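Heads up: the structure comes next, in structure tokens.
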Amino acid sequence: MTLRTLGAISLTLVLAACSQTPTGRSQLTLFSDQEINQMGDQSFQQYQQKLPTVGGATADYVQCVAHAVTAQTGSGESWEVKVFKDDSANAFALPGGHIGVNTGLLQVAKNQNQLATVLGHEVAHVLAHHANERVSTQAATQTGLSVLQSAAGLEGQGGQQLMGLLGMGAKYGILMPFSRKQESEADTLGLNLMARAGFDPRASIDLWKNMEANSQSQPPVWLSTHPSHGQRIDGLQAQMDQALQLYRQARDAGRTPDCQRPG
Ligand SMILES: [Zn+2]
């Protein structure tokens, strides 16, 4: 075998493992959707065993917002939505169609439009295959071995690391914040997603201002390496005209969500 053929083969392997995000950025994805969804399923199951969930009007409200947002993903699948009793202002979405919202987030996301901002953002991480990208990048390094070895059981440090890579963290698992690129991608896609669901995209600015005010006393760890609030708000403002257009189209088409926030 010549060096040239060898080069061609390894190039093929690299290309096969590369895909594109919805915003056109190329990313490393070593796992099939099925594999990554299975990791998400297992992590969500595990998380539910660790933290108490909340039902009733609070769960109805969160599910109402979440289902309106996920209806716009085009997957046609229904997402599982759980509310966890936890004071930290956190939420996450996992591959395989799972959403977790902490009760603490509802103190910061003060209405359905603000909550849709967070859920749009988290669901966008899933749609852009960020979990696959993160697990793949990790697997390409030596520490990735422990991640893969424990993928089945999710016990021990490797399992916690995997859950962190998938997008959970803080409370359970090792916190591994998304990169700046992944964050701005999730902002862009999430804003369009909420607008298409009929939620007012201008609420995204209020939400991040609330987050900023909230984090002055006790910064939520998952936000620590996110872009600064100012940069994030500038990015959202730059896209607002386009998002408002999508929002008005959605309202005209009868997508007018009215989720009742419990008092
Ligand atoms: Zn994010």
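For region 172-188, taking the residues that are open to solvent by 40 Å² or more (accessible area, probe 1.4 Å) and either within 22 Å of V65 (Cβ to Cβ) or not in a helix (DSSP H, G or I) (or both), the one that is modelled with the highest pLDDT is identified as T188. Only residues that are open to solvent by less than 60 Å² (accessible area, probe 1.4 Å) and out of contact with any helix residue (DSSP H, G or I) (no Cβ under 8 Å at 6 or more places or on another chain) were counted across region 23-36, and they come to 2. Filtering region 209-233 to residues that are open to solvent by less than 30 Å² (accessible area, probe 1.4 Å) and either at pLDDT 95 or above or assigned to a loop (DSSP other than H, G, I, E, B) (or both) leaves P220, H226, P227.
Of the residues making up region 80-125, those that are farther than 18 Å from M163 by Cβ, in contact with a Gly (Cβ under 7 Å, 6 or more places away or on another chain) and away from the ligand (no atom under 14 Å from the Cβ) number 1.
Exactly one residue out of D206, D200 is at pLDDT 75 or above, open to solvent by 10 Å² or more (accessible area, probe 1.4 Å), in a loop (DSSP other than H, G, I, E, B) and more than 19 Å from I99 (Cα to Cα): that is D200.
Determine, yes or no, whether E133 is under 25 Å from E185 (Cβ atoms), within 16 Å of the ligand (Cβ to nearest atom) and open to solvent by 10 Å² or more (accessible area, probe 1.4 Å).
On the way: under 25 Å from E185 (Cβ atoms): yes; within 16 Å of the ligand (Cβ to nearest atom): yes; open to solvent by 10 Å² or more (accessible area, probe 1.4 Å): yes.
Here the answer is yes, as E133 does meet what is asked.
Every residue in region 56-84 that is in contact with a strand residue (DSSP E or B) (Cβ under 8 Å, 6 or more places away or on another chain), open to solvent by 40 Å² or more (accessible area, probe 1.4 Å) and touching a residue at least 24 places away in the same chain (Cβ under 8 Å), please.
Applying the first criterion (in contact with a strand residue (DSSP E or B) (Cβ under 8 Å, 6 or more places away or on another chain)) to region 56-84 yields 58-59, 62-63, 66-67, 70, 79-84.
Now narrow it down to the ones that are open to solvent by 40 Å² or more (accessible area, probe 1.4 Å): 63, 67, 80, 82.
Answer for region 56-84, where residues must be in contact with a strand residue (DSSP E or B) (Cβ under 8 Å, 6 or more places away or on another chain), open to solvent by 40 Å² or more (accessible area, probe 1.4 Å) and touching a residue at least 24 places away in the same chain (Cβ under 8 Å): E80, K82.
The values are calculated or read from the model by the stated rules, or taken from the named source; none is laboratory data. Note that the structure is predicted; figures quoted are calculated from it, not measured. Counting neighbours? That spans all protein chains shown, and the Cβs are built from the backbone with ideal geometry, glycine included. All accessible areas refer to the heavy atoms of the entire protein, side chains included, with ligands and DNA or RNA removed. Shrake-Rupley method; radii C 1.70, N 1.55, O 1.52, S 1.80 Å.
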